[in-house]
Amino acid sequence: MRTHRLLLAAALAATLGASACSSGPGPDADPANPVSIDVTVSAAAEIYSIPWLVAQQQGLFEKHGVIVENIVPGKGGSATMRTLLDGNIPIGEVSYPSIVQADAGGSELRIVGGGTQGPYPMNFYALASNSSIQSIDDVRRWAYTRPNSASDALTRLLPSLAGADADRIERVSTGGIGEGLALLEAGSVDIALIPSIVAEQRPDDFRLIVSSPDYLERFLQSTITTTKDYAASNPGVVRAINAGYTEAVESIRTDPDAAARIYAAYTGFDVPAALAVVERASSVGTWGGGFDPAAIESAQAGVEASGSDRDPDFCTLFDPDFLPEGAATDIPGDCA
């Protein structure tokens, strides 16, 4: 059995303009002689890994000429970006805010595929035993994972969308989802991001306070990213990864039970809890292989809410040339 490590490889590339646009696998991804790579993805127990696991276990990458050996866990935001840059991992799923902060102009990075494009399961919980926290208006200490993560952006964006007084909220960076759960259980923060599968398994322990899908329909949490150089030198691998991921999203939609069994085996949680998470995520279009302008725009609003002065060049940073046939290629702005 292949090693289970989580995938989130924000791979770096250099001269993308030279790559040919084709729907086929390309010379560097041969189904008869597949190339092996590792990938990286944030939050091992969360939903980000599910399409990668399904594509890996069902041979959807391999049929296009790539074997994903290991899915390497990232810790979110810039930490996952470092996993990509420092760990010789060529491609993966990286948070949108961390990409904008690292390379807004697209001089080195390329967003080559969709990813997690809806706000589910970015839900923030209080301890059920903490009766003083009943709504967002009661929150004074709000935990997020790391700077430049999707949870960082949402803790800035959601108070405004909910009409809460952001000046009364102290935001606390925990370093990761597990660390945030520990601080919540210790009473050091009022609410924290709890993995959806943990919330499913422990419904009596936590009270849902802020559910991101209540305020946002689309939100680009993370994207399939590589470097400009890697995309130029390995276009077939990039296309194969996108094709396998897109097929995995469809496989999850048509057979959620199979996806839940794969996810449960990976996380160690029970199949009914995994199935509840898979069905909920799939039903609201959480994953997508192509680009979603509404998701991109709401994610950029989160970046701007952080006070960032980064002005991304969507036309350079996003490259649709590696998307499979039929995938959505729309990017905000005039990028013809």
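The values are calculated or read from the model by the stated rules, or taken from the named source; none is laboratory data. Quantities reported herein were computed from a predicted structural model and do not represent experimental measurements. Virtual Cβ from ideal backbone geometry, glycine too; neighbours counted across all protein chains shown. For the accessible areas, the whole protein counts, side chains as well, though only heavy atoms, and no ligand, DNA or RNA atoms are used. Shrake-Rupley method; radii C 1.70, N 1.55, O 1.52, S 1.80 Å.
Is the shape of the range 136-187 best called rounded, prolate or oblate, per the rule: a/c under 1.5 gives rounded, else a/b larger than b/c gives prolate, else oblate, with a ≥ b ≥ c the square roots of the Cα gyration tensor eigenvalues? Note, shape of the range 136-187 comes out oblate.
Electrostatic bookkeeping for residue 229 treats Lys and Arg as +1 and Asp and Glu as -1; over the other residues with beta carbon under 11 Å from its beta carbon, the sum is +1.
How would 329, 116, 246 line up by accessible area, probe 1.4 Å, largest first? All intermediate terms of the calculation are to be shown ahead of the outcome.
Working: 329 70, 116 0, 246 45 Å².
Correct descending sequence by accessible area is 329, 246, 116.
Just so you know, the Rg over Rh for the range 127-248 is 1.08, from Cα atoms, with Rh as the Kirkwood radius. For the range 189-199, backbone phi angles converted through the Karplus equation (6.51, -1.76, 1.60; θ = phi - 60°) give residue-by-residue couplings of 9, 7, 9, 8, 6, 10, x, 4, 6, 5, 4 Hz, Gly and Pro being listed as x. The listed peptides 90-101, 230-241, ordered by packing as a protection proxy, come out as 90-101, 230-241 (highest mean of other Cβ atoms within 10 Å first). Shape call for the range 281-336 from the C-alpha gyration tensor, a ≥ b ≥ c root eigenvalues: rounded (a/c under 1.5), prolate (a/b greater than b/c) or oblate? Verdict is oblate for the range 281-336. The HN-Hα couplings worked out from phi for the range 165-179 by the Karplus form 6.51 cos²θ - 1.76 cosθ + 1.60 (θ = phi - 60°) are 7, 5, 5, 8, 10, 9, 8, 10, 7, 9, x, x, 5, x, 5 Hz, whole numbers, x standing for Gly and Pro.
Would you mind getting the accessible area per residue of the chain, heavy atoms of the protein chains only, 1.4 Å probe, in Å²?
Normalised by residue count, the accessible surface of the chain is 38 Å².
Contact order for the range 109-234, expressed relative to its length and based on alpha carbon pairs under 8 Å spaced 6+ residues apart, stands at 49 percent.
Regarding the chain, what's the average projected area of the Cα-atom convex hull, expressed in nm²?
Across all orientations, the chain yields a mean hull projection of 15.5 nm².
Roughly how many nanometres apart are two label points built 7 Å out from the Cα toward the Cβ at residue 128 and residue 330? Between residue 128 and residue 330, the simple spin-label model gives 4.2 nm. Could you look at the chain and say what percent of its accessible area is carbon and sulfur, using a 1.4 Å probe and all protein chains? Answer for the chain: carbon and sulfur cover 46 percent of the accessible area. Each residue of the range 93-103 is assigned a 3J(HN,Hα), and the resulting list reads 10, 10, 5, 4, x, 5, 5, 4, 5, 7, 7 Hz, derived from the Karplus form 6.51 cos²θ - 1.76 cosθ + 1.60 (θ = phi - 60°), x at Gly and Pro. Remark: the chain carries a charge dipole of roughly 540 debye about the Cα centre, counting +1 on each Lys and Arg Cβ and -1 on each Asp and Glu Cβ.
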